[in-house]
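Engineer: Shown below is the structure under consideration.
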Amino acid sequence: MTAITLPSELLIEVCSYLPPSDLYSLSSVCKRYRTILWSSKSATTQAIWRTSRRKFAPYLISPPPNDMSEQQYIWMMVLLQKCMFCDETDKKKLTMYFEFRMYCCIRCLAQRTISKDTLIKEWEVPTDLLECMQSLSPNALHPQLFLMKQMKRTLYDFSLIRKDEDKMAWIKERREKVSKLQPIFREYNTQHDNGKYNYKERLERLFRTLNMSTEYPYRRNMSFLDY
Ligand SMILES: [Zn+2]
């Protein structure tokens with residue numbers, strides 16, 4: 001009996017022992033496997049990937065957000081080994097921005113985002129509108145950033161609201177939603193980094209974002225608190 005003709009129950013059983021990378025390879029073997037392994041609706045598919053995640057990527061404690069399937073989540077958090085937009089493969093130059101569902105280099109980030117300053121000074125976007133948008137907090141590598149695509153859509157949606165009271169209610173609702181999501185996204189980024197980078201690499205990345213770039217490379221025998 002070849003693997004292709006395995007009954008579904010047996011295939012599912014086999015899958016429960018496989019790491020995400022093998023599941024991904026298996027899904028590209030044939031259409032039948034793809035159907036079984038790539039369905040975003042099937043509870044069985046979700047269970048297969050969830051089992052694999054818990055077994056082989058235990059650092060991903062959080063389940064995927066509601067609008068993401070297990071396999072999309074694992075693809076982004078575990079399997080993706082290069083910038084989503086270019087061919088950069090050096091993981092030191094890549095960062096997970098779960099807020100924007102992006103794992104990319106700073107150059108590709110810059111092409112898709114717009115700074116708070118530009119939005120206020122050049123686009124003349126009111127500050128309270130910015131508060132109801134998901135953004136990346138400023139650090140040594142970049143200023144506070146907004147995703148261009150999201151910004152344009154939000155400005156358009158906002159322009160359709162006529163009454164001032166409706167505008168205020170809309171802003172209030174969105175602002176609350178954004179502030180609730182912020183710590184959740186931060187947690188996703190942390191869990192991703194825990195799997196992708198070892199302890200020393202995580203410290204190096206932290207120093208960079210804390211404006212410690214002059215201290216590079218990481219100096220031994222100094223604790224984080226010494227800085
Ligand atoms: Zn890139």
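Each value in this text was obtained by applying a stated rule to the coordinates, not by laboratory testing. These figures come from a predicted structure and were not determined experimentally. Positions of Cβ are backbone-derived with ideal geometry, glycine not excepted, and every protein chain shown enters the neighbour counts.
Engineer: Under a plain spin-label model, where a point goes 7 Å from the Cα along Cα-to-Cβ, how far apart in nm are E9 and K92?
Structural biologist: Taking the simple label geometry, E9 and K92 are separated by 5.3 nm.
Engineer: With every atom except the alpha carbons ignored, what do you get for Rg and Dmax of the stretch 3-76, in angstroms?
Structural biologist: 11.6, 35
Engineer: May I pose another question? Give me F146, F185 sorted ascending by neighbouring Cβ count inside 10 Å, so fewest comes first. Write out the running numbers ahead of the final one.
Structural biologist: Working: F146 23, F185 19.
Arranged by neighbour count, lowest to highest, F146, F185 become F185, F146.
Engineer: Which whole-Hz couplings ³J(HN,Hα) result when phi for each residue of the stretch 156-164 is put into the Karplus expression 6.51 cos²θ - 1.76 cosθ + 1.60, θ = phi - 60°, listed in order with x for Gly and Pro?
Structural biologist: Result, ordered by residue: 5, 4, 5, 5, 7, 7, 8, 6, 4 Hz.
Engineer: Same structure, new question: In nanometres, what is the gap between the two model label sites at I106 and T190, each 7 Å from Cα along Cα-to-Cβ?
Structural biologist: A separation of 2.4 nm, rounded to one decimal place.
Engineer: Defining a contact as two alpha carbons under 8 Å apart and six or more residues distant in sequence, what relative contact order in percent does the chain show?
Structural biologist: Relative contact order comes out at 16 percent.
Engineer: Under 19 Å between alpha carbons, and skipping anything fewer than 8 positions from K92 in its own chain: which lysines qualify?
Structural biologist: K92 reaches K82, K196, K200.
Engineer: Please give the net charge around T209, taking every other residue with its beta carbon less than 12 angstrom from that of T209, where Lys and Arg add +1 and Asp and Glu add -1. Each step should come with its number before you reach the end.
Structural biologist: On the way: positive: R202, R205, R208; negative: D193, E204.
My count for the surroundings of T209 gives +1.
Engineer: Moving on. Using the Cβ atoms and a cut-off under 15 Å, what net charge is assigned to the surroundings of I36, where Lys and Arg are +1 and Asp and Glu are -1? Numbers along the way, then the final one.
Structural biologist: Numbers: positive: K31, R32, R34, K41, R50; negative: E9, E13, D22, E70.
Counting the neighbours of I36, the net charge comes to +1.
Engineer: Whole number please: convex hull volume per residue, Cα atoms of the chain, in Å³.
Structural biologist: Dividing the Cα hull volume of the chain by its residue count gives 168 Å³.
Engineer: Could you tally the net charge around C132, taking each other residue with its Cβ under 13 Å from the Cβ of C132, Lys/Arg +1 and Asp/Glu -1?
Structural biologist: +2
Engineer: What full-extension length gain, to one decimal in nm, is calculated for Y17 and Q72 as 0.36 nm per residue of separation minus the Cα-Cα distance? If you can, show how the numbers build up before the last one.
Structural biologist: Numbers: separation 55, 0.36 × 55 = 19.80 nm, distance 1.92 nm.
17.9 nm is the gain from fully extending Y17 to Q72.
Engineer: In Å and on Cα atoms, what radius of gyration and Dmax does the stretch 113-196 show?
Structural biologist: Spelled out, the Cα radius of gyration and Dmax of the stretch 113-196 are 14.3, 48 Å.
Engineer: Once the Cβ-Cβ distance between A43 and N139 is put in as r, and R0 is 41 Å, what FRET efficiency do you end up with, to the nearest 0.05?
Structural biologist: Computed FRET efficiency for A43 and N139 comes out at 0.55.
Engineer: Can you order the peptides 172-184, 192-204 by their average number of other Cβ atoms within 10 Å per residue, highest first? The partial results should precede the final answer.
Structural biologist: Working: 172-184: 12.8, 192-204: 14.6.
Order by mean packing, descending: 192-204, 172-184.
Engineer: Here is a further query. Taking a spot 7 Å from the Cα of T127 along the direction of its beta carbon, which residues of the stretch 135-165 have an amide N less than 19 Å from it?
Structural biologist: What the label zone holds, given the 19 Å backbone N cut-off, is 135-139, 143-146.
Engineer: Among 100-106, 35-41, how do they line up by average Cβ neighbours within 10 Å per residue, starting with the highest? Display every interim value, and only then the final one.
Structural biologist: Working: 100-106: 19.4, 35-41: 14.6.
Result, highest mean Cβ count within 10 Å first: 100-106, 35-41.
Engineer: Okay, next question. Listed here are the pairs K41/K180; K149/K177; K31/K180; K31/K152; K121/K180; which of them are more than 30 Å apart at the Cα?
Structural biologist: Numbers: K41/K180 27 Å; K149/K177 19 Å; K31/K180 40 Å; K31/K152 38 Å; K121/K180 28 Å.
K31/K180; K31/K152, as the Cα separations exceed 30 Å there.
Engineer: Sticking with this structure for a sec: Please rank M68, M77, fewest neighbouring Cβ atoms within 10 Å first, as an exposure proxy.
Structural biologist: Values: M68 16, M77 25.
Ranking M68, M77 by Cβ neighbours within 10 Å, fewest first, gives M68, M77.
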